Amino acid sequence: MELSVIILAAGKGTRMKSVLPKVMQPLAGKPLLAHVLATAQELQSSRTIVVYGHGGEVVQKHFANQDNLAWALQAEQKGTGHAVQMALSQLPETGKSLILYGDVPLTTPETLQKLLDLVVDNQKIALLTVNLANPTGYGRIVREAGLVQRIVEQKDASEQEKQITEVNTGILCVPNCHLHQWLPTLKNNNAQGEYYLTDVIALAVQQGLAVHTYQPQAAWEVEGINDKLQLSTLERVYQRLQADNLMRAGATIIDPARFDMRGTATIGMDVFFDANVLLEGDNHFGNGVKVGTNCVIKNCKIADGVEIRANSVLEDAEIGQNAQIGPFARIRPQSKIGANVHIGNFVETKNTIMADGAKANHLAYLGDSEVGERSNIGAGTITCNYDGANKFKTIIGADAFIGSNSSLIAPVVIGDGATTGAGSAISKDVPTNHLAVARGIQRNIEGWNRPQKKK
């Protein structure tokens, strides 16, 4: 049966106490809704319909480039049944629909596929349930002789029904023909005065349909997020899952509770992550890579044997084999660091190529530059690449030696084997194997009186 996915995402999220719509709150660096949409994509749905309401413009703008996505407005929040009604006009009469929620981000595709597999024809519907030690606040699954009969919401439940521990997650799969038939008939004669989607269970039973249930492997799969506390709780769940996956792939993570990944990562063998490492975007780590404590790495390709020392930040960069980065280094976008390169403490690169064996061991800025093989960049060196309007390039040849506290005023070329004297401001090209010294003449003034503080 052709699959449609309907995602309910119209809630205001007042308990978030945020200007952002609830489904735009970030989990692992992505909006909650992005996680649900990614899951729908993995299920290979023919169409995905997002029912939006509060903050709809923000939500639609963020996902404007998402393929296979339709929108349905729920201007007034009159319950889950009413929300799905808003999507009916875009829903075909045939096939089946999976109802998901924009604030329930961690349901796995595997769990949902098991649920979908239960609905093979129009005579079946399937409901995701979970058993909770404390079911307060949740709709209870009422069974007779083991068969689901209906769902009763907390406020409408009798004292006996409140003792039931099997609860409704809200996630269900229903043939489209029944949604078109049942939803217009829903009533709001309940404690909330809302149109409950859960009422379709009783309607299915009345028509003799089989109501199947499936339960997730863990309760966190169906936990919704209503406030920042719940958001932080699921953040830690998500991060522990990411850490576990990497460790199963062979990584050593010294403290999984202090490891965060907001994206994806592929790893080679014997990769080591110290405490408080943050990975963002898409990263690749070769064999034997070591990442020190408090490092941030975003969209990088890290070759075999690289050591990234503590408190370093790398973004959109490539690092060659056996390079050493940090501590306290910043590798900015479009930097390509060659094999056996040393980038030391408080060195910053931006749009810079460091050829194999080059060194910048401390206190340097290299922007819009090319540094040749085995060249040494002295402490305090900067490339003056910006004139206030335009960027210019600095090229340093192989085996060059840049003296401490040199200012290389781009555009400028330093030839192979050339040397600049410490404290020089180099504004002209330096030929191969030449020494360039560009300093003001030192004057010693006898009897100099330092300025004194005024009393």
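The values are calculated or read from the model by the stated rules, or taken from the named source; none is laboratory data. Please read all numbers here as calculations on a predicted model, not as lab measurements. All Cβ positions, glycine included, derive from the backbone under ideal geometry; neighbour counts span all protein chains shown.
Would you call PHE328 of a type in the set (A, V, I, L, M, F, W, C), out of contact with any Asp or Glu (no Cβ under 9 Å at 6 or more places or on another chain), over 22 Å from ALA358 (Cα atoms) and surrounded by fewer than 20 Cβ atoms within 10 Å (Cβ to Cβ)?
For PHE328, the condition - of a type in the set (A, V, I, L, M, F, W, C), out of contact with any Asp or Glu (no Cβ under 9 Å at 6 or more places or on another chain), over 22 Å from ALA358 (Cα atoms) and surrounded by fewer than 20 Cβ atoms within 10 Å (Cβ to Cβ) - is not met.
Against the definition (more than 40 Å from the chain's Cα centre (by Cα), in contact (Cβ under 8 Å) with a residue 12 or more places away in the chain and not in a loop (DSSP other than H, G, I, E, B)), how does VAL347 come out, yes or no?
Spelling it out, it is not the case that VAL347 is more than 40 Å from the chain's Cα centre (by Cα), in contact (Cβ under 8 Å) with a residue 12 or more places away in the chain and not in a loop (DSSP other than H, G, I, E, B).
Please report, ordered by residue number, the strands (runs of 3 or more DSSP E) entirely within the stretch 358-441 with at least 3 residues that are in the same structural domain as GLY338 (by TED's automatic domain parsing) and closer than 22 Å to PRO327 by Cα. First the steps, then the outcome.
On the way: elements: 359-371, 382-384, 394-396, 407-409, 412-414.
Because the criterion is at least 3 residues that are in the same structural domain as GLY338 (by TED's automatic domain parsing) and closer than 22 Å to PRO327 by Cα, the strands (runs of 3 or more DSSP E) in the stretch 358-441 that meet it are 359-371.
For the stretch 424-435, name all the residues that are touching a Ser or Thr at 6+ places or on another chain (Cβ under 7 Å) and surrounded by fewer than 21 Cβ atoms within 10 Å (Cβ to Cβ).
ALA425, LEU435
GLY403: closer than 15 Å to GLY378 by Cα, out of contact with any strand residue (DSSP E or B) (no Cβ under 8 Å at 6 or more places or on another chain) and at pLDDT 95 or above, yes or no? Walk me through it before giving the result.
Working: closer than 15 Å to GLY378 by Cα: yes; out of contact with any strand residue (DSSP E or B) (no Cβ under 8 Å at 6 or more places or on another chain): no; at pLDDT 95 or above: yes.
Judged against the criteria, GLY403 is not a match.
Can you name the strands (runs of 3 or more DSSP E) wholly within the stretch 209-293 that have at least 1 residues being assigned by TED's automatic domain parsing to the domain that holds LEU33, out of contact with any Asp or Glu (no Cβ under 9 Å at 6 or more places or on another chain) and farther than 23 Å from ASP103 by Cβ?
Working: elements: 210-214, 259-267, 277-285.
Counting at least 1 such residues, we get 210-214.
Considering only the stretch 107-124, state which residues are in contact with a strand residue (DSSP E or B) (Cβ under 8 Å, 6 or more places away or on another chain) and not β-branched (Val, Ile, Thr).
Listed by number, the residues that qualify are LEU112, LYS114, LEU115, LEU116, LEU118, ASP121, ASN122, GLN123, LYS124.
Go through the stretch 417-444 and count every residue that is basic (Lys, Arg) and at pLDDT below 95.
2
May I ask you to verify whether THR107 is hydroxyl-bearing (Ser, Thr, Tyr), crowded, with 21+ Cβ neighbours inside 10 Å, at pLDDT 95 or above and outside any helix (DSSP H, G or I)?
Values: hydroxyl-bearing (Ser, Thr, Tyr): yes; crowded, with 21+ Cβ neighbours inside 10 Å: yes; at pLDDT 95 or above: yes; outside any helix (DSSP H, G or I): yes.
Yes.
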